[in-house]
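The values are calculated or read from the model by the stated rules, or taken from the named source; none is laboratory data. Everything quoted here is computed from the prediction, not taken from an experiment. Backbone-built Cβ (ideal geometry, glycine too); neighbour counts: all protein chains shown.
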Amino acid sequence: MRNDRQASESLTASPQSPVSEPMEERDIARKTRRSLIASVLGAGAAVAAWQWIRTRPQEDDLVWPLRRVHEFNGKISQAVFRPSSRTRVYPFGSAPTNPRVNGRHGLRSAIDLSAWKLRIAGLAERDVIFTLEQIKQLPRADLTMQLCCIEGWSILVNWSGVRFIDLLKALPVGSSINPDALPPYVSMTTPDDEYYVGLDTPSALHPQTLLAYEIDNQPLTIDHGAPLRLVIPCKYGIKNIKRIGTIAFTHDRPRDYWADRGYDWYSGL
Ligand SMILES: Nc1nc2c(c(=O)[nH]1)N[C@H]1C(S)=C(S)[C@@H](COP(=O)(O)O)O[C@H]1N2
Ligand SMILES: [Mo]
């Protein structure tokens, strides 16, 4: 009996295919049906879940489940941030020249570059004022690094400027500046207040954080943030504010242009 079946099956089967092919085809058909049903149900569940998420009450302009995800991401980037860790740097000058421009918030108002001054608030009773000439007297730092935009692209840029920590050391009050005693946050804003970023002080004091006045050894163009912009390699591009007018140390977490529009406040890399 067993031999008969084997014989008839081997007659219908083509030489190369296994004897049990018809069985396998049935199996495949069943599995395909099952996976189709599963994916329809799965897609339905995903749509229902998304419907649920997007109709939740908002917190800071974002539905609360997504806000929790951002807070979780923020906690992770805070937990993994180490002042001693360094972003990868490249030989200075190795980036292609004329990097692309992205974002012009706060750059559209007229600016008299020769009259520009940087104002630093929140450290001493009186604000401290720097001219660009004074900033250029400070130790120069050259840095070729990758600017990463949250839109998903990144570019290498040859930056030059002064380390933010070196500028703080040059403050009149700053000869005795103790990074641990500074207020926990820093706010940076364009002169017209249209664009503004909030930073945690440890990231701002990171030795790779620059106040840059040059790209490719040339003064910044208006579109790249003349006369002075932030280069903060431990954060996404959105935090690298162009055309800084005021830097203020604060005890409360400062507002941030893209965080106000739903992005993660820390936006660490
Ligand atoms: N003032 C100001 N700074 C800004 C922006 C902006 O719109 N306004 N855009 C940010 C974003 S999203 C990115 S990716 C970088 C781009 O810098 P770049 O134009 O010099 O390449 O600038 C950041 N700094
Ligand atoms: Mo960006």
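Can you tell me which residue within the range 133-152, out of those that are within 20 Å of GLY268 (Cβ to Cβ) and out of contact with any Leu (no Cβ under 9 Å at 6 or more places or on another chain), is surrounded by the fewest Cβ atoms within 10 Å (Cβ to Cβ)?
Looking only at the range 133-152, we keep the residues that are within 20 Å of GLY268 (Cβ to Cβ), and these are 143, 145-152.
Then drop every residue that is not out of contact with any Leu (no Cβ under 9 Å at 6 or more places or on another chain), which leaves 149-152.
Values: CYS149: 15, ILE150: 13, GLU151: 11, GLY152: 6.
It comes out as GLY152.
Return the residues of the range 185-201 that are outside any strand (DSSP E or B) and either at pLDDT below 95 or of a type in the set (Val, Ile, Thr) (or both); say none if nothing qualifies. First the steps, then the outcome.
First pass over the range 185-201, keeping only residues outside any strand (DSSP E or B): 190-195, 201.
Once the filter is applied, which keeps residues that are outside any strand (DSSP E or B) and either at pLDDT below 95 or of a type in the set (Val, Ile, Thr) (or both), the range 185-201 yields THR190, THR201.
To keep it simple, each residue is scored yes or no on (1) more than 16 Å from ligand 2 (Cβ to nearest atom); (2) aromatic (Phe, Trp, Tyr); (3) over 13 Å from PHE164 (Cα atoms).
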{"residue": "ALA204", "(1), (2), (3)": "yes, no, no"}
{"residue": "GLN208", "(1), (2), (3)": "yes, no, no"}
{"residue": "ASN217", "(1), (2), (3)": "yes, no, yes"}
{"residue": "ILE222", "(1), (2), (3)": "yes, no, yes"}
{"residue": "VAL231", "(1), (2), (3)": "no, no, no"}
{"residue": "LYS235", "(1), (2), (3)": "no, no, yes"}
{"residue": "THR246", "(1), (2), (3)": "yes, no, yes"}
{"residue": "ARG261", "(1), (2), (3)": "no, no, yes"}
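All but one of (1) touching a strand residue (DSSP E or B) at 6+ places or on another chain (Cβ under 8 Å); (2) modelled with pLDDT of 95 or more hold for VAL128, so report the exception by its number.
Among (1) touching a strand residue (DSSP E or B) at 6+ places or on another chain (Cβ under 8 Å); (2) modelled with pLDDT of 95 or more, the lone unmet condition for VAL128 is (2).
Filter the range 39-60 down to residues that are surrounded by 11 or more Cβ atoms within 10 Å (Cβ to Cβ) and of a type in the set (D, E, K, R) and give me whichever is modelled with the highest pLDDT.
Ranking the candidates gives ARG56 first.
Output the residues belonging to the range 153-169 that are away from ligand 2 (no atom under 16 Å from the Cβ) and either modelled with pLDDT under 90 or in contact with a Lys or Arg (Cβ under 8 Å, 6 or more places away or on another chain) (or both).
Matches in the range 153-169: SER160, GLY161, VAL162.
Of the conditions (1) out of contact with any Pro (no Cβ under 8 Å at 6 or more places or on another chain); (2) more than 10 Å from ligand 1 (Cβ to nearest atom), THR250 fails just one. Which one is it?
(1)
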